[in-house]
Amino acid sequence: MIKSEQFEILTSHQNPKIKFVTELLNSKGRKKHGLFLAEGLREMQIALKSGFTPVQIFFNSEFIEKKGLHSLSFFNLPKYNIFEVDKNLFSKIAYREDTEGITGIFKSCKTTLENLVLSDNPLIIVLESVEKPGNLGAVLRTADAANADAVIICDPIIDLYNPNVIRSSIGCIFSKQIVIANSQETINWLKSKNISILSASLTATKFYHETDLKKPSAIIMGTEADGLSDIWLTQCNEQIKIPMLGKIDSLNVSNATAIIVFEAIRQRGF
């Protein structure tokens, strides 16, 4: 059992620490402070395994003990950065209805294209103007499952640290290198690294499985509504598509990304 007397107990909405957590639930607050929230035991564990340490932790002992967590020592944080939160109050700062009773504050990552560490035969996922948090989170899970080198998000419409991105990624926001950049600088960087630019397009004449994905490759995915912009269609090495045998002409972007990425993994011999 976690001994609540070890930690400062927060019981009021007016507590400055609770107000600060609430501020981080919105994009403006996250950008202002360069911090974000990650809620959930699995997400926190992946963060630790990936080398990320929370700045502060907020928990409710009743919630987390139901999940079998009876100690917070593995976070290796000083007690003055860990806070017990009243059950009803925690429900107010949680963004999950089925909260696990633990959330952490983390520093936003500011990786750049120049700082990316690539394997000898890189596989990169590029998303242009991704719109839906759930799709972005699902693509991050795919990137982790396929051990892609990086995910580059070009001209994003949503905030990378939106709570729904983190939730749908189940913590994979921590396990992969992620860069936010504009499209032209990304194209220039990919070309400088001799990475083949493969743009998914409904008008492509070549199917994805007919393409050589064994070489250094960047798979470029656009929005479901509009696809990729002209800059990616005119400056790519190849346009590729997924065969569609029914009445619709496209898949959810996260599903389409997974199909193409795992074809690359298949070609490379898993």
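So the values come out like this:
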quantity: Hz values of 3J(HN,Hα) by residue in region 189-203 - Karplus curve (6.51, -1.76, 1.60), Gly and Pro given as x; calculated: 5, 4, 5, 5, 9, 6, 9, 5, 9, 10, 9, 6, 8, 5, 8
quantity: Segments 171-177, 26-32 sorted - mean Cβ within 10 Å per residue, highest first; calculated: 171-177, 26-32
quantity: Pairs of lysines in region 171-270 (C-alpha under 16 Å apart; 8 or more residues apart or interchain); calculated: 4
quantity: Table column - 3J(HN,Hα) (Hz), region 140-151, Karplus curve with 6.51, -1.76, 1.60, x for Gly and Pro; calculated: 5, 5, 4, 4, 5, 4, 8, 6, 4, 5, 6, 10
quantity: Under 5 Å, built H, 5+ apart or other chain: amide partners of residue 35; calculated: 108
quantity: Percent breakdown of C-alpha pair distances by 10 Å bin, ordered from the shortest bin, for region 113-267; calculated: 11, 46, 37, 6, 0
quantity: Listed candidates (i) -0.31, -0.40, -0.94, -1.33; (ii) -0.24, -0.32, -0.87, -1.31; (iii) -0.29, -0.38, -0.85, -1.12 - label of the one calculated as log10 I(q)/I(0) by the Debye sum over Cα atoms at q = 0.07, 0.08, 0.13, 0.16 Å⁻¹; calculated: (iii)
quantity: Candidate aspartates and glutamates for bridging to residue 49, where Cα separation is under 14 Å - those fewer than 8 sequence places away on the same chain excluded; calculated: 144
quantity: Of all DSSP beta bridges in the chain, antiparallel share, percent nearest 5; calculated: 25
quantity: Proximal lysines to residue 17, defined as alpha-carbon separation beneath 20 angstrom and excluding residues fewer than eight positions away on the same chain; calculated: 28, 31, 32, 79, 87, 92, 107
quantity: Hydrodynamic radius of region 4-107 per Kirkwood, over alpha carbon pairs, in Å; calculated: 13.7
quantity: Ranked packing of 132-141, 210-219, most packed first, by mean Cβ within 10 Å; calculated: 132-141, 210-219
quantity: Sequence of 205, 223 once ranked by neighbouring C-beta atoms within 10 Å, starting from the fewest; calculated: 205, 223
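Readers should treat all values here as calculations from the given coordinates under stated rules, not as data from a laboratory. Bear in mind that the values here come from a model prediction, so they are computed numbers and not experimental data. Cβ: placed from backbone, ideal geometry, glycine included. Neighbour counts: every protein chain shown.
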